[in-house]
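Visitor: My questions all concern the structure below.
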Amino acid sequence: MKKVKVGILGATGMVGQRFIELLENHPWFEVSALAASERSAGKCYREAIAGRWKLESSIPSAIGALEVTECVPELDCTLVFSALDASIAEPVEQAFAKAGYVVSSNSRNHRMEKDVPLLIPEVNGDHLAIVTEQKKRRQWKGFIVTNPNCSTIGLVLALAPLHKKFTLKKIMVTTFQALSGAGYPGVASMDIIDNVIPYIGGEEMKMETEPQKILGRLKNNQFVMADIAISASCNRVGVSNGHLESVSIELEKKPSLDELMDALREFNPLAGLNLPSAPSQPIVLREENDRPQPRYDRNEGNGMACVAGRIRECPILDWKMSVLSHNTIRGAAGAAILNAEYMKVKGLVG
Ligand SMILES: NC(=O)c1ccc[n+]([C@@H]2O[C@H](COP(=O)([O-])OP(=O)(O)OC[C@H]3O[C@@H](n4cnc5c(N)ncnc54)[C@H](OP(=O)(O)O)[C@@H]3O)[C@@H](O)[C@H]2O)c1
């Protein structure tokens, strides 16, 4: 199969680096263009990223030699992954979509728009149908598809099978979010060592709104939001990667613990599609009292699975549990790549 040429916008950031790592030797996609700000443009990638490559893997040699360009829609590719800073993502992503590129974006800017899918293929693959409307309404040759915020995605992936079977009514969630979620250099070391910061700008609002869209329905080209009350409290902790969340839920139907655990274990809607980045088990259930933990569990399913555990009765709502997902893989670059793979099998990327 001839590989699809892809570009990365924001290739020098924390998420951009993950795209490069995850796309090395990808069976369907080949990185042919890298773009970032004018600070990096004109340099080869290895020079542009000097001192800022923060992954344990090495920079792939072919990528190191590629020239970084500015983010203008003249890249040699048909699909772009966007890991752009939110301050610039909106006009840049729109320019690429208008010029005919498929844009698979991580940025928050277009997530809640009424003609843009906020996609988790295991959960709401049918929402992709809205891109026909998006192209028509905006007179674009290409289109934009987004993935959720890094803390939303683990929460929704873990709760989607429960919503499907038992209908969610209320969610209370407290997060313990990793430093890489703030980009690089992110939070100053003097602020996070020996400390927890009980505020992440904009995060709670995203967690309280994005799930309703993802778990909602697409009806007559309109999103009907799921009727779920959500309260989120977001904290930054001194962990490198992996967002841990303590979640309490109220359900309309009242399942037993076994029924709840079976719903999580059996959930595997992409089985059979053979998407290269899809984990064999999207939700991994841990039964030990002290799991999941970021350091030990974040790489489950190559960082694409969400790990759930500590499922027990909640004296206020119905059930409570812990959920963990890798924020720059399942919560960012890996999610956008899985979205692109799903679009490819659905005939939207060629
Ligand atoms: N980190 C996470 O866990 C995570 C998870 C989900 C979503 N996201 C979202 O993904 C995006 C990237 O996050 P990040 O953590 O990778 O941020 P980051 O490390 O700060 O990287 C930002 C990238 O945007 C580029 N950029 C900044 N200003 C630009 C401009 N004026 N024109 C063109 N490019 C510009 C930077 O290029 P230079 O290097 O040239 O400045 C860099 O490549 C953000 O929208 C973020 O909210 C992040």
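Read-outs throughout are calculated quantities, based only on the coordinates presented, and are distinct from any laboratory measurement. Every value quoted in this text rests on a predicted model; they were computed, and no experiment measured them. Every residue, glycine among them, receives a Cβ derived from its backbone with ideal geometry; neighbour counts consider all protein chains shown.
Visitor: In the range 150-326, what % of DSSP beta bridges are antiparallel (nearest 5)?
Guide: Numbers: 24 of 36 bridges.
Restricted to the range 150-326, the bridges split so that about 65 percent are antiparallel.
Visitor: Please work out the FRET efficiency for the pair Glu30 and Glu287, using the Cβ-Cβ distance as r and a Förster radius of 56 Å; give the result to the nearest 0.05.
Guide: With a Förster radius of 56 Å, E is 0.85.
Visitor: Nearest 10 degrees is fine. How inclined is helix 257-266 to the longest principal axis of the chain, computing both from alpha carbons?
Guide: For helix 257-266, the angle is close to 20 degrees.
Visitor: While we're here: When a footprinting reagent is the concern and you count Cβ atoms within 10 Å, what order do Val196, Val4, Val15 take, fewest first?
Guide: Ascending number of Cβ neighbours within 10 Å: Val196, Val4, Val15.
Visitor: Another one. Rounded to the nearest 500, what is the 222 nm mean residue ellipticity of the chain from helices alone, with -39500 (n - 2.57) per DSSP H run of 4+ residues and division by all residues?
Guide: Working: 12 runs with 104 residues, N = 350.
Theoretical 222 nm ellipticity from helices: -8500 deg cm²/dmol.
Visitor: Measure nothing fancy, just the Cα-based angle from helix 150-166's long axis to the longest principal axis of the chain, in degrees from 0 to 90, nearest 10.
Guide: Rounded to the nearest ten degrees, it is 50.
Visitor: Using Cα atoms only, what is the angle between the long axis of helix 203-214 and the major principal axis of the chain, expressed in degrees (0 to 90) to the nearest 10?
Guide: Once rounded, the angle reads 90 degrees.
Visitor: I would also like to ask the following. Antiparallel DSSP bridges in the chain: what percent, to the nearest 5?
Guide: Here the antiparallel bridges make up roughly 40 percent for the chain.
Visitor: Can you tell me what share of the DSSP beta bridges in the range 66-206 is antiparallel? A percent to the nearest 5 is fine.
Guide: Bridges in the range 66-206 that DSSP calls antiparallel: roughly 0 percent.
Visitor: Could you tell me the calculated FRET efficiency between Glu56 and Ile193, based on Cβ-Cβ distance and R0 = 25 angstrom, to the nearest 0.05?
Guide: Numbers: r = 21 Å, r/R0 = 0.85.
Taking R0 as 25 Å, the efficiency between Glu56 and Ile193 is 0.75.
Visitor: Sticking with this structure for a sec: With +1 assigned to the C-beta of every Lys and Arg and -1 to the C-beta of every Asp and Glu, and no other charges, what is the dipole magnitude of the range 150-326 about the Cα centre in debye, to the nearest 20?
Guide: 400 debye
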